[in-house]
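Report on one structure; see the data block that follows.
The values are calculated or read from the model by the stated rules, or taken from the named source; none is laboratory data. None of these values were measured; they are calculated from a predicted model. Please note: Cβ atoms are built from the backbone with ideal geometry, for glycine as well, and neighbour counts cover all protein chains shown. Please note that ligands, DNA and RNA were not included when accessible areas were found on the heavy atoms of the full protein model with its side chains. Shrake-Rupley method; radii C 1.70, N 1.55, O 1.52, S 1.80 Å.
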Amino acid sequence: MSSSSLLFILALALFITSSECSLFDPYHVHVTNILSQNKILLVHCKSKDDDLGVHNLTVGQEFSWSFKLNFFGTTLFWCYMAPDDHSHVAFKVFWVSGKLFDRCDAAQNCFWVAKDDGVYLRDTRRNEDVYKQEWQPGRFKADHNQGDLDTND
Ligand SMILES: *[C@@H]1O[C@H](CO)[C@@H](O)[C@H](O)[C@H]1NC(C)=O
């Protein structure tokens, strides 16, 4: 056996024993518009390799996507969201973190919910929404990048 395949197996064993989550099953991120007064939520999510495009969600509508973790544990998606033409927020919606995974459900669904006062992450175990991001003043940036992110937590 080559040393690199031995390393792979070791890393795999470590990952499996240190986590309840399945390495091979996909994760699903959901973003839902629960704004008041029929406001449109603009959502633009990206990773380093993928641009998921701009989606304008009506109230009650959700945008979701699925993916598998990369081997290096560096999977990262971020979203730009705007509830109107004068506020927005840009933040990490998925990264490899026990803190995030604890909020997601057993089928590896993670739910972000946009409300009038900001964006919440659903705690699926307690069935409550945890406030995470305040809307920031400013307008839609057409091509947001990782460097433009507001801080998490
Ligand atoms: C979404 O809404 C924005 C702002 O109103 C608009 O500029 C954009 O063209 C819309 N995009 C899509 C895909 O509908």
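Can you work out ³J(HN,Hα) from phi for every residue in the range 73-86, in order, using Karplus 6.51 cos²θ - 1.76 cosθ + 1.60 and θ = phi - 60°, giving whole Hz and x for Gly and Pro?
Values, residue by residue: x, 9, 4, 8, 10, 9, 10, 9, 10, 9, x, 6, 8, 10 Hz.
Compute the distance in nm between two label points, each set 7 Å from the Cα along the Cα-to-Cβ direction, one at Ala106 and one at Phe24.
It works out to 2.0 nm between the two label points.
Measure off, as a whole percent, the carbon and sulfur share of the 1.4 Å-probe accessible area of the range 81-134, all protein chains present.
Values: 1060 of 2430 Å².
Carbon plus sulfur share of accessible area: 43 percent.
Determine ³J(HN,Hα), in whole Hz, for all residues of the range 44-53 in sequence, where each value follows from phi through the Karplus function 6.51 cos²θ - 1.76 cosθ + 1.60 and θ = phi - 60°; x replaces Gly and Pro.
Calculated HN-Hα couplings, in order: 9, 10, 8, 10, 4, 9, 10, 10, 7, x Hz.
Going Cα to Cα from Lys68, which lysines come in below 16 Å? Please leave out same-chain ones fewer than 8 positions away.
Answer for Lys68, where 16 Å is the Cα cut-off: Lys46, Lys48, listed by chain and number.
How much length would be gained if the chain were fully extended between Asn38 and Asp123, taking 0.36 nm per residue of separation minus their Cα-Cα distance, in nm to one decimal? Write out the running numbers ahead of the final one.
Details: separation 85, 0.36 × 85 = 30.60 nm, distance 2.52 nm.
Length difference between fully extended and current span is 28.1 nm.
From the phi of every residue in the range 121-134, what ³J(HN,Hα) in whole Hz does the Karplus formula 6.51 cos²θ - 1.76 cosθ + 1.60 yield, where θ is phi - 60° and glycine or proline is x?
Those phi angles translate into 10, 6, 8, 6, 6, 8, 6, 9, 9, 9, 5, 10, 9, 8 Hz.
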